[in-house]
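Structure first, commentary second.
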Amino acid sequence: MSTSTVSAPSAAPKKQGGRTKLTLPWIMLIIAGGLALVSLVRVISGADDLTSIGQVSGALSLAVPIGLAGLGGLWAERAGVVNIGLEGMMILGTWFGAWAGYQWGPWTGVVAGLIGGAIGGLLHAIITVTFNVNHIVSGVAVNILALGFTQYLSNFTFAEAPGGSSKQSPRVEPIYEITVPGLSDWMATLQGKHWFFVSDVAGVIGGLVTGLSLLTVVALLLIPGTWWVLWRTTFGLRLRSCGENPIAAESLGVNVYKYKYIAVIVSGALAGLGGAFLSIVASPIYQEGQTGGRGYIGLAAMIFGNWMPGGMALGAGLFGFTDSLKLRGGAENVHAMLLLIAILLVLVVAWQLYKKRYVPAGISAVFAVLLFLWYALTDQVPSQFVDAAPYLTTLLVLALSAQRLRMPKADGMPYRKGQGK
């Protein structure tokens, strides 16, 4: 039995179960500090496209499909099912979205993409939940089947359609985009001044109010929506209990199989929506290989976010930002990122020394020095490094954050109905 008391609100970080939970003021302070650091790097390096409206808009477009795949992974793994099949479910979403979209309109394509991904999720659920097959094996099988299935169908659908081929669909009509009049122009003017911090804030805001697809708005709303459903409803509590201790959940009357099925099907639908975004919004055609491993990257973003929607969104945003650097400014922007990462590593060194972790601090210091030297002695980076930068950044962030991660306790573990009796 517990009691509760009413106390004055505090902006300080709170402790929960021995771990620090950041409050909203602290989160906003961290975001402002990060933006100030990026602004400093922009001023020093002269890479003014780092926080331009086009850069932010491009980063958002690249982050959305990764974020949707990450949300899909979060739903499945919170119910105890590892979903390596996100990539295949995205592939199904791209194909079904384009197939229905060019014939009956983009929103029909969005619905078809959801259904296509949900079919992949249902297949994964049948294999893992009902037949108790290893989750990794099942996910790989779903990916292979989805790839072969869409390639086979393309030969009989897109190849016969005007403007299509066996590897590409006809064009899909665009979804309506929102631009806030007045505010968009004002932000563009401020961003063009290249003032410290002020222009960077204007670039971020401008990117969020200029040419924003309605499907992007839907995707962004799904992040707080997922948090509310999984952490603020009885349904969400029961679903998460299946990923923490399914035997205990079953003893309390929870139909574990039902919740696992729901979670994995929703997971597939969200990944399919990410695929539909790629073939309708990001590029209004289906192309073979269009997902480009984003399902796996979404899974990495979910892990980086510690199986939480907000953290997952930050991970997706980080990858989208680094990926968009090569689209605007290319080698110059990535060269500036060397300086940014080096400064971040210096901050990591200071934190590790404070925690008396001397070996990790020494390793981080060596890498920081190497990056400073690389930045100082060169004017640009090789094109191969520009292409690899998003993936290297993801690996670096995952390596630095690995010690704070906690997956659901029963994630990936086999479960049979009635095994607790």
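The values are calculated or read from the model by the stated rules, or taken from the named source; none is laboratory data. As the structure is a computational prediction, the values presented were derived from the model and not from experiment. All Cβ positions, glycine included, derive from the backbone under ideal geometry; neighbour counts span all protein chains shown. To get the accessible areas, we keep the full protein, side chains included, count just its heavy atoms, and leave off ligands, DNA and RNA. Shrake-Rupley method; radii C 1.70, N 1.55, O 1.52, S 1.80 Å.
Quick notes
- Positive-end residue, the chain charge dipole about Cα centroid, Cβ charges, pick of 159, 204, 353: 353
- Dividing the radius of gyration of the alpha carbons in region 140-217 by their Kirkwood radius gives 1.30 for Rg/Rh.
- Overall dimensions of the chain by Cα: Rg and Dmax, Å: 22.6, 69
- Carbon and sulfur %, accessible surface of the chain computed with the full protein complex present, 1.4 Å: 68 percent
- For a straight C-alpha distance cut-off of 20 angstrom, the aspartates and glutamates reachable from residue 167 (same-chain residues fewer than eight places away being disregarded) are 87, 288.
- Residue 183/residue 388 FRET efficiency (R0 41 Å; Cβ-Cβ; nearest 0.05): 0.65
- In the context of the full set of protein chains, residues of the chain present 49 Å² of accessible surface per residue (probe radius 1.4 Å, heavy atoms only).
- Counting 0.36 nm for each residue step from residue 35 to residue 173 and taking away their Cα separation leaves a gain of 46.1 nm.
- For the peptides 375-384, 59-68, the ranking by packing is 59-68, 375-384, with the highest mean count of neighbouring Cβ atoms within 10 Å listed first.
- Region 307-329 and region 143-165: distance between their alpha carbon centers, rounded to Å: 30 Å
- Computed with a 1.4 Å probe on the full set of protein chains, the accessible area for residue 392 sits at about 80 Å².
- Taking a span of 18 Å or more along the helix axis (Cα atoms) and a mean Kyte-Doolittle hydropathy of at least -1.0 as the rule, the DSSP H helices of the chain that qualify are 24-45, 53-78, 86-104, 106-125, 135-154, 214-232, 256-277, 309-325, 331-354, 358-377, 383-401.
- With R₀ fixed at 51 Å, the C-beta to C-beta distance from residue 363 to residue 140 puts the FRET efficiency at about 0.95.
- For region 223-277, the C-alpha radius of gyration divided by 2.2 N^0.38 Å, with N the number of residues, is 1.23.
- Rounded to the nearest 10 square angstrom, residue 175 shows an accessible area of 10 square angstrom against a 1.4 Å probe.
- Distance between modelled label sites at residue 370 and residue 26, nm, 7 Å Cα→Cβ extension: 3.3 nm
- Of the residues 200, 387, ranked by 1.4 Å probe accessible area with the largest first, the sequence reads 387, 200.
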